[in-house]
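Quick notes on the structure that follows.
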There are 2 protein chains.
Amino acid sequence: MTIDLPPVTGAWRAGDPVGERRFLRLDRKVAVDGGDVLDEVEIAFETWGELNSDASNAVLLCHAWTGDSHAAGRAGDGHPTPGWWETVVGPGRAIDTDRWFVVCSNVLGGCQGTTGPASPHPTDGRAYGSRFPVVTIRDMVRVQARLADHLGVRRWHSVIGGSMGGMQVLEWAVTFPDRVRSIVPIATCLQASAQQIAWESIGRRAILHDPNFRGGDYYEARPGHGPHQGLSTARMVAQVTFRSDNVFTEKFGRDVVGGSETLGGVSRDQRFEVERYLEYHGDKLVQRFDANSYLVIGRAMDLHDVARGRGGLEAAVKRIVVPTLTIGIVSDILYPAYQQIQIRDLLNAHGVRAEYVEVDSPHGHDAFLIDFDQVGPPITRFLDSID
Amino acid sequence: MTIDLPPVTGAWRAGDPVGERRFLRLDRKVAVDGGDVLDEVEIAFETWGELNSDASNAVLLCHAWTGDSHAAGRAGDGHPTPGWWETVVGPGRAIDTDRWFVVCSNVLGGCQGTTGPASPHPTDGRAYGSRFPVVTIRDMVRVQARLADHLGVRRWHSVIGGSMGGMQVLEWAVTFPDRVRSIVPIATCLQASAQQIAWESIGRRAILHDPNFRGGDYYEARPGHGPHQGLSTARMVAQVTFRSDNVFTEKFGRDVVGGSETLGGVSRDQRFEVERYLEYHGDKLVQRFDANSYLVIGRAMDLHDVARGRGGLEAAVKRIVVPTLTIGIVSDILYPAYQQIQIRDLLNAHGVRAEYVEVDSPHGHDAFLIDFDQVGPPITRFLDSID
């Protein structure tokens with residue numbers, strides 16, 4: 001495969017705004033893996049810290065499914081939620097922005113500033129909707145590479161991310177082996193498994209069958225009346241897979257809304273606290289996320305396979321030649337620890353330095369966002385260990 | 001709690017049809033836990049083997065969520081599928097019908113012959129639909145007790161079942177301690193966990209939000225156009241939890257319908273085999289099962305808690321005084337093995353003979369229906385060991 005790098009079009013300068021969302025409009029079209037061409041692509045990104053003179057201190061963070069460029073910082077304009085890795089990224093934190101120039105961008109197909117299905121189609125100015133192409137994790141990474149060019153980052157000190165972010169991390173190392181000095185894939189996989197695809201496809205189905213989905217062209221039909229029920233159901237499925245049996249038992253047990261079921265009888269309207277929790281998360285996502293983006297990114301995750309078109313898994317993994325810290329979570333039912341161990345083992349098998357750290361948390365997949373005290377220190381040590 | 005037993009109204013006689021579905025219309029109303037009263041209840045049941053002269057060889061099988069009375073035998077009239085435990089139940093099989101008088105009945109709220117939401121309401125002859133009450137596992141068991149009376153079975157040699165069947169098994173032992181000589185709960189639990197409720201509630205939501213659900217009164221609106229999409233989605237969620245990551249990887253991996261994705265590119269219409277499998281199972285259930293029954297039974301499972309109204313879990317479990325064989329499945333993600341071990345441990349703690357057998361299968365929860373060579377022999381030995 002030929003790596004097609006665009007010329008460097010700009011560089012980050014001291015004095016540029018930091019920790020605020022900025023936009024880069026690409027000066028070239030983007031041809032995606034599925035064969036379509038996006039004529040205009042804009043990337044939303046944020047940076048923290050300062051790029052040093054030889055551009056050797058840049059760290060790229062890759063966000064997960066419904067994340068965005070706002071890895072750190074408060075909620076505010078353009079940021080419906082506080083930074084998703086606020087506890088890990090910042091001055092004096094595990095990924096120390098006094099030391100590293102940290103970058104995070106919204107992925108291609110997203111809905112938090114980077115071109116996605118809700119963006120205007122250049123030919124008619126109306127939302128892409130169903131016209132938005134299938135994109136892959138590789139497409140996301142290729143677009144990030146153009147952002148790196150713009151920022152003047154030829155080679156990342158490290159590329160770090162969990163879940164779908166970890167898929168991007170792995171694709172960075174496989175697609176652009178000379179543009180990374182190290183990688184930290186967390187709670188992720190080299191190839192989406194059948195069970196991961198199964199969960200994703202059920203959520204997709206819930207959205208597709210919502211009558212307000214209208215084949216994906218719901219933006220203009222009744223603004224504000226998209227496939228909310230479907231998206232909410234999809235999120236509820238995901239939310240269960242993001243956590244664990246243990247944590248649900250501890251947090252909710254059999255509590256019912258407004259009292260204890262074990263004391264009382266059985267009523268028709270009784271709702272369990274865990275139901276309320278899931279509905280809360282479903283409804284919360286609807287407020288901040290576009291259903292088409294959810295589908296496009298979900299599909300990219302299904303299609304994630306570092307081996308595709310590269311002569312098999314081992315051949316693909318052999319392209320990873322940089323030190324790797326892979327982090328797994330003991331209670332992760334969605335991206336089980338064995339998938340992280342597989343990354344370590346395959347890399348070690350061809351002589352690459354790869355270390356596996358297991359987070360001992362009951363929180364399931366989401367532990368990489370929660371247990372910062374276990375996730376942060378190994379990352380700090382690992383970043384320090386890379387020349 | 002007072003156990004309210006109806007008088008014996010009939011007894012099984014040699015010469016009665018066996019292995020065919022029969023019906024018992026109860027001669028008294030059924031008051032359910034939620035406070036409602038069902039004026040007319042009919043029970044669909046099947047029997048295999050012959051009841052001996054002192055009625056000491058009767059074994060009750062309790063079916064799971066979408067099961068029915070057809071535990072053994074071919075598909076045919078009234079039986080859309082072959083017996084769900086065909087490999088375990090029959091002449092010379094693990095539950096030997098040459099020796100045991102085996103009974104299985106469709107649960108209250110079901111749709112395979114026993115009164116449920118699709119049954120005619122006695123006041124107007126139209127389907128209950130949304131008027132069908134909340135029922136509990138205890139309600140199901142109380143109705144089964146009336147069937148036992150009818151058959152002349154005062155005390156079951158054993159009550160056996162997996163998943164929701166196992167919930168009934170446990171309720172039999174707690175509600176009617178003097179009517180069981182032993183029990184075999186399989187891949188089940190004493191109290192539905194928050195995660196089990198979570199999965200169930202997502203399926204319920206998919207059905208409730210299907211526009212064809214019409215609040216549960218869809219039977220007459222457009223016959224044959226019930227909430228099929230919703231029920232199918234609900235089944236897909238369940239189907240993933242019934243199996244395992246391992247088995248999905250082995251069976252489907254990343255195969256796509258009509259070819260291998262890893263060789264080719266990325267297309268918009270590409271479907272993974274695991275998606276086709278889930279849709280197949282969703283559609284198959286729609287052909288044979290009523291969405292309202294799915295909801296009623298699912299709710300009964302959520303409400304399953306042997307402790308409810310009994311002064312706590314330990315107090316409830318102390319009512320179980322008979323030998324118990326509990327069977328767990330190592331790969332079960334829905335009713336994890338620890339729930340079966342808990343049953344054994346709580347029973348042993350108050351001096352009751354309880355044995356735990358673990359099925360070493362990759363098939364997940366459904367292994368109790370699949371790995372008959374591991375499930376059958378311990379049951380045979382256990383049944384033989386009960387005086």
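If you check A:V59, A:V143 for being out of contact with any Phe, Trp or Tyr (no Cβ under 7 Å at 6 or more places or on another chain), buried (at least 21 other Cβ atoms within 10 Å of the Cβ) and within 24 Å of A:T175 (Cα to Cα), only one passes: A:V143. Looking across the range B:269-313, the residues that are within 21 Å of A:V266 (Cβ to Cβ) and either facing another protein chain (nearest Cβ under 8 Å) or among the polar types (S, T, N, Q) (or both) come down to B:N292, B:S293, B:D302, B:L303, B:D305, B:A307, B:R308, B:G309, B:G312. Looking at the structure I just gave you, is A:A316 of a type in the set (G, A, S), within 19 Å of the chain's Cα centre (by Cα) and more than 8 Å from every other protein chain (Cβ to nearest Cβ)? Taking the combined requirement at face value, the residue does not satisfy it. When restricted to residues that are touching a strand residue (DSSP E or B) at 6+ places or on another chain (Cβ under 9 Å) and buried (at least 20 other Cβ atoms within 10 Å of the Cβ), the range A:291-307 contains 5.
What number of residues in the range A:308-318 are assigned to a helix (DSSP H, G or I) and either modelled with pLDDT under 95 or not charged (D, E, K, R) (or both)? Selection size over the range A:308-318: 4.
Okay, residues lined up against (1) within 16 Å of the chain's Cα centre (by Cα); (2) farther than 28 Å from A:A192 by Cβ; (3) surrounded by 24 or more Cβ atoms within 10 Å (Cβ to Cβ):
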{"residue": "A:P122", "(1), (2), (3)": "no, yes, no"}
{"residue": "A:G125", "(1), (2), (3)": "no, yes, no"}
{"residue": "A:T136", "(1), (2), (3)": "yes, no, yes"}
{"residue": "A:D139", "(1), (2), (3)": "yes, no, yes"}
{"residue": "A:D149", "(1), (2), (3)": "no, yes, no"}
{"residue": "A:W156", "(1), (2), (3)": "no, no, yes"}
{"residue": "A:G161", "(1), (2), (3)": "yes, no, yes"}
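Here is the figure for the range A:198-219: residues that are touching a residue at least 60 places away in the same chain (Cβ under 8 Å) and within 7 Å of chain B (Cβ to nearest Cβ) total 2. Sub-8 Å Cβ pairs linking a first residue in the range B:93-104 that is closer than 11 Å to B:L383 by Cα to a second residue that is part of a strand (DSSP E or B), at least 6 apart or interchain, are B:I95/B:V59; B:I95/B:L61; B:I95/B:V89; B:I95/B:V102; B:I95/B:I160; B:D96/B:G90; B:W100/B:A58; B:W100/B:V59, ordered by first then second residue.
Of everything in the range A:319-359 that is assigned to a loop (DSSP other than H, G, I, E, B) and closer than 24 Å to A:V247 by Cα, the residue that is farthest from the other protein chains (Cβ to nearest Cβ) is A:V330.
Annotation: of all residues in the range B:165-183 being in a helix (DSSP H, G or I) and more than 17 Å from the chain's Cα centre (by Cα), the one that is farthest from B:R381 (Cα to Cα) is B:T175.
Among the residues of the range A:202-218, not a single one is outside the structural domain of A:I370 (by TED's automatic domain parsing), in contact with a helix residue (DSSP H, G or I) (Cβ under 9 Å, 6 or more places away or on another chain), modelled with pLDDT of 95 or more and closer than 30 Å to B:G309 by Cβ. Candidates B:A198, B:A234: the one that is in a helix (DSSP H, G or I) and in contact with a Leu (Cβ under 8 Å, 6 or more places away or on another chain) is B:A198. For the range A:188-197, the candidate set comprises residues that are more than 7 Å from every other protein chain (Cβ to nearest Cβ) and among the polar types (S, T, N, Q); within that set, the residue that is surrounded by the fewest Cβ atoms within 10 Å (Cβ to Cβ) is A:Q196. Once the range A:220-250 is narrowed to residues that are over 26 Å from the mean Cα position of the chain (by Cα) and within 9 Å of chain B (Cβ to nearest Cβ), the residue that is surrounded by the most Cβ atoms within 10 Å (Cβ to Cβ) is A:T249.
The values are calculated or read from the model by the stated rules, or taken from the named source; none is laboratory data. Since we're looking at a predicted model, the values are computed, not measured. Backbone-built Cβ (ideal geometry, glycine too); neighbour counts: all protein chains shown.
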